[in-house]
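To start, the structure under review is shown below, and the notes come after it.
The values are calculated or read from the model by the stated rules, or taken from the named source; none is laboratory data. Quick caveat: nothing in here was measured; it's all calculated off a predicted structure. When we count neighbours, we look across all protein chains shown, and the Cβ atoms used for this are built from the backbone with ideal geometry, even at glycine. Side chains included, ligands, DNA and RNA excluded: accessible areas come from the protein's heavy atoms. Shrake-Rupley method; radii C 1.70, N 1.55, O 1.52, S 1.80 Å.
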Amino acid sequence: MKINKTHLEGVIIIEPTVFGDGRGHFFESYRLDKLSEFGVNDDFVQDNQSLSAKGILRGLHFQTGEYAQGKLVRVIKGAVVDVAVDIRKSSATYGQHIAVELNENNKTIMYVPPGFAHGFVTLEDDTIFTYKCTNYYNKESEGAILWNSSALGIDWGITKPILSEKDKDAIDFAKFDSPF
């Protein structure tokens, strides 16, 4: 397992060692002792999974207060562009983002700590996306930032994604007052 720090403090990219043969493959998708070497000592309390057609964009989401979440995200089938945006006001990288392709072939995993907005867009039909969360979902604590805010300058590789009503109504980052 190769773990790489990113320019956003706390966000790490994990490249698992994949062992394959004629029967298929095996890899470790989560290993606390390795992650703790990079400061990830979280207890994961909830696993989520989504199935999406090509062109679905989910995000940019976060939870606040006592329900703030860290997420360990990966793709089981298909491919996504996965994005994390630093929304920690005191951070030197506030408003900066990272975009990484996660797919079933590269098996790359990303850890997104609390204090970040997170989202992804699917690049293939029938994409299965999964994530481990450090806190339980709480509707009253959720927030969303507009995916195409010019203040963020994120290149999603798509101009007309399919969005939920919540994501269509999200706040522009230029008007966003971060709770972190």
query: Taking springs between alpha-carbon atoms closer than 10 angstrom, which of A92, A68, A84 fluctuates most in the Gaussian network model of the chain?
result: A92
- prompt: In debye to the nearest 20, how big a dipole does the chain give about its Cα centre with +1 on each Lys and Arg Cβ and -1 on each Asp and Glu Cβ?
  reply: 140
query: Counting pairs of alpha carbon atoms under 8 Å apart in space and at least six apart in sequence, what relative contact order in percent does the chain give?
result: 29
query: For the range 27-150, with every protein chain kept in place, what is the accessible area per residue (1.4 Å probe, Å²)?
result: 44
message: Filter K54/K160; K5/K175; K5/K77; K34/K139; K5/K168; K132/K175 down to the pairs with a C-alpha to C-alpha distance above 22 Å, please.
response: K5/K175; K5/K77; K34/K139; K5/K168; K132/K175
- request: Leaving ligands, DNA and RNA out of it, report the carbon-plus-sulfur percent of the accessible area of the chain at a 1.4 Å probe.
  value: 47
query: Given that compact globular proteins tend to follow 2.2 N^0.38 Å, what is the ratio of the alpha-carbon Rg of the range 76-158 to that value?
result: 1.14
The range 1-88: GluC sites (Glu not before Pro) in DSSP coil with no more than 16 other Cβ atoms inside 10 Å: E9, E28, E37
statement: Length-normalised contact order of the range 123-176, Cα under 8 Å, at least 6 apart, in percent, tallies to 43
- prompt: What do you get when you divide the Cα radius of gyration of the chain by 2.2 N^0.38 Å, with N the number of residues?
  reply: 1.00
